[in-house]
1. Has the stretch A:136-150 got at least one residue that is closer than 18 Å to residue A:217 by Cα, surrounded by 24 or more Cβ atoms within 10 Å (Cβ to Cβ) and of a type outside the set (Phe, Trp, Tyr)?
2. Here is a list of conditions, (1) without any contact (Cβ under 8 Å) to a residue 60 or more places away in the chain; (2) among the charged types (D, E, K, R); (3) in contact with a Phe, Trp or Tyr (Cβ under 9 Å, 6 or more places away or on another chain), and residue A:331 meets all of them except one; can you say which number that is?
3. Restricting to the stretch A:230-258, name every residue that is in contact (Cβ under 8 Å) with a residue 24 or more places away in the chain and within 23 Å of the chain's Cα centre (by Cα).
4. Which condition number in (1) under 30 Å from residue A:110 (Cα atoms); (2) among the basic types (Lys, Arg); (3) surrounded by 15 or more Cβ atoms within 10 Å (Cβ to Cβ) is the one that residue A:250 fails?
5. Return the residues of the stretch B:25-54 that are under 22 Å from residue A:358 (Cα atoms), over 23 Å from the mean Cα position of the chain (by Cα) and of a type outside the set (D, E, K, R); say none if nothing qualifies.
6. Could you list, in sequence order, the residues of the stretch A:204-224 that are assigned to a strand (DSSP E or B) and either under 17 Å from residue A:474 (Cα atoms) or not hydrophobic (A, V, I, L, M, F, W, C) (or both)?
7. Step by step: first the residues of the stretch A:204-223, then only those that are within 14 Å of another protein chain (Cβ to nearest Cβ) and under 14 Å from the mean Cα position of the chain (by Cα), then the one that is surrounded by the most Cβ atoms within 10 Å (Cβ to Cβ). Which residue is that?
8. Residue check: is residue B:39 facing chain A (nearest Cβ under 7 Å) and either without any contact (Cβ under 8 Å) to a residue 40 or more places away in the chain or outside any helix (DSSP H, G or I) (or both)?
Amino acid sequence: MVKIREIHKQLINREISAVELAKEYLARLEISSSKFGTYLSITGEKAIEDAQVIDEKIASGEEIGLLAGIPMGIKDNISTKGIVTTCGSKILENYKPVFNATVVDKLYNAGGIILGKCNMDEFAMGSSSENSAYKLVRNPWDLDRVPGGSSGGSAASVAAEEVVFSLGSDTGGSVRQPAGFCGVVGMKPTYGRVSRYGLIAYASSLDQIGPMAKNVEDCAIVHDVISGYDKMDSTSANMPSTKTLDIIGKDIKGLRIGVPKEYFGGDEKVLNTLKKALAKFEELGAIVEETTLPHTEYALPAYYIIASAEASSNLARFDGVRYGVRDWDQKDVTDMMSATRDKFFGKEVKKRIMIGTYALSAGYYDAYYLKALKVRTLLKRDFDEAFKRYDVLITPIAPTLPFKIGENIKDSITMYLGDICTVTINLVGIPGIAIPCGFVDGLPVGMQILGKPFSEELLFNVAHKFEQSNDFHLRKPEVK
Amino acid sequence: MGITINDVKHVAILSRLGLNDEELQKYEEELNDVLNFMEKLNELDTQGVEPTSHVLDIHNVFRTDIIEKSLDLEDVLANAPDREDDYFKVPSIL
């Protein structure tokens with residue numbers, strides 16, 4: 001069931017008004033988000049005002065787009081003019097952007113109704129949403145487990161049906177991994193496909209904004225709206241927006257699927273679920289073969305060097321001068337900056353700034369940063385080779401089921417290892433979609449489908465074909 | 001091998017992080033752990049491999065040098081912790 005189309009029909013048939021819909025969703029979100037910790041701010045007043053505009057358009061007979069009146073959540077590192085945007089950090093506790101991110105403008109123009117800003121790991125650094133400086137997010141399928149991260153609020157909110165869709169951002173898996181842990185669909189587009197203008201940067205050469213929804217078609221509708229060239233982002237690819245709806249539903253007979261063996265080293269239950277999904281693809285007429293991406297084991301260390309290096313540079317702007325908060329006890333400007341940053345950045349953020357600064361500092365640049373960039377080239381070659389033979393690659397999203405809150409937070413390396421299946425995709429810049437492929441012990445298991453650069457439409461179609469063969473996207477968490 | 005407490009102090013200064021002694025010690029341990037983990041890359045021979053700093057084939061994006069509307073000064077300064085007239089205000093530099 002495609003939620004966006006269903007609501008659209010109800011709106012134009014005047015079975016419900018956009019204001020009624022917004023009120024209904026807001027009422028549910030208020031209660032639900034206090035249980036799951038999904039939101040850092042709720043924008044009820046704006047939602048009602050925006051919904052009124054949609055109702056006026058409908059009343060005057062004006063044609064409205066598919067996203068008009070649809071309730072959405074936006075990750076709190078995506079700039080929303082006049083709405084506090086904290087990045088999950090104390091250092092931006094009071095920061096109100098003076099402009100909208102391009103994706104936000106596009107969604108507003110399409111009539112999307114913002115209900116609030118989604119909770120996240122501070123500055124998107126984390127894989128469990130436990131690094132939010134404000135509160136943790138809980139997995140709607142099991143309140144004792146993490147929703148994944150860093151876009152944990154965005155994913156859990158969609159899973160709990162607080163909103164119809166949300167935006168997250170993905171630097172090393174931050175859309176796909178929480179989508180997998182929460183049993184929803186999430187797309188990490190090709191680097192450059194969706195404008196990063198207004199996304200508060202973590203690692204600029206890896207970051208991409210991506211949509212999340214309960215099913216593939218809803219996710220695709222949002223992707224079609226937010227993708228496309230933007231002159232405000234100098235790394236924006238000169239490509240048109242995706243037009244997924246034109247191809248969704250096409251046959252996948254003869255589709256060549258590569259299964260890289262290096263990605264199949266996790267929890268047996270997760271792997272068995274994946275294997276069943278691959279068998280389903282064969283039933284649907286695809287050709288499934290094992291393949292190899294030989295440099296996979298080097299991706300994680302390369303990722304953490306590159307991401308930390310870029311973060312140390314990007315986060316230099318938070319110095320208590322132009323925005324955010326300041327430590328007022330210092331008499332000297334350098335002391336003020338150092339004290340502000342020490343006091344208002346969280347532990348993981350400080351650690352990555354330290355690692356990145358060290359990796360870029362005189363004498364170590366070649367050994368760490370340059371080395372990592374060369375490994376990135378080797379990783380890219382692995383994928384270039386694989387895509388000569390395969391249309392798409394399929395892998396798990398994470399080696400484990402959603403883990404317990406507190407289980408990994410004390411041990412950075414264990415936490416980092418959980419990102420083994422996702423980080424490479426950012427290093428090589430290709431698109432990847434996460435979709436639910438089964439359940440184990442009542443918890444969702446996700447898989448990711450990877451494609452060549454700018455193959456988002458194909459990925460949506462392949463994901464859609466699989467989705468239509470099962471009922472995983474129709475299941476709902478039983479909120480206890 | 002490994003990072004000493006003095007290295008950590010130096011990196012903390014470069015990072016503009018005013019860490020206390022306890023934090024410095026903790027970071028010494030944690031940074032060593034993470035850097036050990038990163039040593040894995042040395043197993044690979046990367047001689048002659050070009051670095052990839054960016055995956056897209058985009059270079060030098062230019063636009064015509066026309067003055068466009070900037071952000072409103074009052075809006076921007078509204079986010080500043082401290083200001084004087086049209087300036088950001090900070091504690092003394094010298």
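The values are calculated or read from the model by the stated rules, or taken from the named source; none is laboratory data. Given the structure is predicted, the values throughout are model-derived calculations rather than measurements. Every residue, glycine as well, gets a Cβ built from its backbone with ideal geometry; the counts of neighbours run over all protein chains shown.
1. Looking through the stretch A:136-150, none of the residues is closer than 18 Å to residue A:217 by Cα, surrounded by 24 or more Cβ atoms within 10 Å (Cβ to Cβ) and of a type outside the set (Phe, Trp, Tyr).
2. Of (1) without any contact (Cβ under 8 Å) to a residue 60 or more places away in the chain; (2) among the charged types (D, E, K, R); (3) in contact with a Phe, Trp or Tyr (Cβ under 9 Å, 6 or more places away or on another chain), only one is false for residue A:331: (3).
3. A:230, A:232, A:233, A:235, A:236, A:237, A:239, A:242, A:243, A:244, A:245, A:248
4. (3)
5. B:42, B:44, B:46
6. A:208, A:210, A:211, A:212, A:213 - these are the residues of the stretch A:204-224 that are assigned to a strand (DSSP E or B) and either under 17 Å from residue A:474 (Cα atoms) or not hydrophobic (A, V, I, L, M, F, W, C) (or both).
7. Only one residue tops the list, namely A:208.
8. Answer is no for this residue.
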